[in-house]
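Notes follow once the structure below has been shown.
What follows is calculated from the coordinates using simple rules that are stated; it is not laboratory data. Not measured: the values here are computed from a predicted model. Here the Cβ positions follow ideal geometry from the backbone for every residue, glycine too, while neighbour counts run over all protein chains shown.
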Amino acid sequence: MRGRRPGAEGDPQRGRRRADPGGHPSATAPADTTAPAPATAPAARSPVVVLDPGHNGGNGGSRAVTRPVPDGRGGTKPCNTTGTATDAGYAEHAFNFDVARRASALLTARGVRVVLTRPDDNGVGPCVDERGAAGERAGADAVVSIHADGSAPAHRGFHVAYADPPLNAAQSGPARGLAAALRDGLRDGGFAVSDYIGRAGLSPRADLAGLNLSTRPAALVECANMRNLREAALVSSPDGRARYAAAIAAGILAFLGR
Ligand code: ZN
């Protein structure tokens, strides 16, 4: 699929018109109808990406989110958590969902089929083990969890986590490649790498259940430190969220080779 024009496989009617002898040739159809129909070309499967906006708007009032679920390394973790917020009260779950929605639109426009792990920002969960299984269920080429951190106010910058030590083939190389592509996308988008966690914007982690349980290449983006005043302003603005979404989408497209 590398090198195809964006959207080239997004028009199934084009192939069908040419392949259907009873169809009316469109004005743009080539005159040479003896040429092989595109239907005989290698199948152009749309890549599938799971976007996983962290937490959820209803988690704060729910006791169900505290129940233990498998963490993928023999232990347990709470089903889900409430996430962090800026000092002014802008919630991480709202940031995560808005960035995921924006990134989804950008990826869909480029011929990617996007599956979100939650349909809105008003529910509870899903639990981290369900999020970890979402890539397998969707047949995903990549799984990207979207979060923002809540660290000490002096800390700033983004980092991208991936499961380490790896537990399966998807984690032993592809996940790290996805994390690096996301790091590059964010760095190229003008965002500063973290000055308080990880190395060069990458953070190998053993304790993130969603990553541990994924059998598809998976990475988790901590976009910013919401407790840092500068980054709080960035995540709280629609323009800032549009920039994060564009950078994440660019990283995913680079990983997919599109
Ligand atoms: Zn989070």
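Model label sites at ARG73 and SER237, defined 7 Å from Cα along the beta-carbon direction, differ in position by 3.8 nm.
Cα centroid separation, the range 82-153 to the range 221-258: 12 Å. FRET efficiency for the SER46 to ALA154 pair, using the beta carbon distance and R₀ = 35 Å, is estimated at 0.20.
Label 7 Å along Cα→Cβ of THR66; the range 81-106 residues with amide nitrogen under 17 Å? Flagged as within label range: 81-83.
The Cα atoms of the range 48-256 define a convex hull whose projected area, averaged across directions, is 10.2 nm².
For the pair ARG110 and ARG199, a Förster radius of 25 Å applied to the C-beta separation gives a FRET efficiency near 0.25, rounded to the nearest 0.05.
If you build the convex hull over the alpha carbons only and average its shadow over all orientations, what do you get for the range 40-84? Give it in nm² to one decimal.
5.9 nm²
When all alpha carbon pairs of the range 169-258 are counted in 5 Å bins from zero, the resulting P(r) reads 3, 14, 23, 24, 20, 12, 4, 1 %.
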